[in-house]
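The values are calculated or read from the model by the stated rules, or taken from the named source; none is laboratory data. Small disclaimer: the values here were computed from a predicted structure and weren't measured. Every residue, glycine among them, receives a Cβ derived from its backbone with ideal geometry; neighbour counts consider all protein chains shown. Accessible surface areas use protein heavy atoms only, side chains included; no ligands, DNA or RNA. Shrake-Rupley method; radii C 1.70, N 1.55, O 1.52, S 1.80 Å.
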Amino acid sequence: MFTGIVETLGTVEVVRDLGDAVRLTISDEHAHVLADASLGDSIAVNGCCLTVAHLSFNGHEPEAFEADVMAETLAKTTIGRLAEGDEVNLERAVRADQRLGGHLVQGHVDGVGTIASRAPSAHWDVVAIAIPEELARYLVPKGSVTVDGVSLTVVEVGPDRFTVSLIPETLARTTLGRRKVGDQVNIEVDVLAKYVERLLAPRTDRNDSQEVR
């Protein structure tokens, strides 16, 4: 579980094609997310939860990690489009004793959106993101959404797009500050919306209404 508060930027050093999967090597120049990392830990890479499969060290300090990306993730996210030299947003899994600065983020990407427009101003950018229509129903004004691993507040929602305002901190510390019109981004909607939809959906299986004894 994550919060959508990006801790640092990493750099894709190696993209190794494994046929039906890809192994990424991602460096963390300041060892921020790798300072206490262990094999098997979860790290969100552009909002996609990946598992640390290998750690590389510079002396005693970790400087990079490797993660395997399966076919489903390659097909449903932008991770498969990463190239060597690309910057990525990184966040460690949240600890139970930390403040929840963003919102509950699973690192399970729901779909890919496209930057439709950017309107810069003196202190922030208003960005419109086009998304598949089936995802728009989970968004509400002033609700939460995760874009490339960044927890953001929805400003407006349309049938196939939504807008967000990016503050200077977000523009400076995440890859969203450099995304251009036409760039694709990972979208994760608020998991609470999906649970509510599931709970309120008509039950077509008659066994659903039977009491379990």
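Annotations
- Euclidean distance between Cα centres, segment 1-73 to segment 104-144, Å: 24 Å
- Per residue solvent-accessible surface (Å²) - segment 1-142, probe of 1.4 Å: 52 Å²
- Sequence-distant contacts, meaning Cα pairs under 8 Å at least 6 residues apart, place the relative contact order of segment 113-206 at 32 percent.
- Rounded if a/c under 1.5, otherwise prolate or oblate - the chain, Cα gyration tensor axes: oblate
- Normalised contact order of segment 1-53, rounded percent, pairs of Cα under 8 Å and 6 or more residues apart: 26 percent
- Considering only alpha-carbon pairs that sit under 8 angstrom and 6 or more positions apart, the relative contact order computed for the chain is 23 percent.
- Within the listed set V157, V105, V45, the Gaussian network model of the chain (springs between alpha-carbon atoms below 10 Å) gives the highest mean-square fluctuation for V157.
- A Förster radius of 30 Å combined with the Cβ-Cβ distance from R118 to H60 puts the calculated FRET efficiency at roughly 0.10.
- Assuming charge only on the beta carbon of Lys and Arg (+1) and of Asp and Glu (-1), the dipole of segment 1-103 about its Cα centre is about 360 debye to the nearest 20.
- Here the Gaussian network model covers the chain, with springs between Cα atoms less than 10 Å apart; of L200, L34, L135, L200 fluctuates the most.
- On the beta carbon distance between E72 and A172, with R0 = 25 Å, the FRET formula returns roughly 0.15.
- GNM top mover of R92, R173, R198 - the chain, alpha-carbon springs below 10 Å: R198
- Computed from the C-beta positions of A83 and A53, the FRET efficiency with R₀ = 30 Å rounds to 0.90.
- In segment 1-134, the portion of solvent-accessible area held by carbon and sulfur atoms comes to 50 percent [1.4 Å probe, whole percent, DNA, RNA and ligands not counted].
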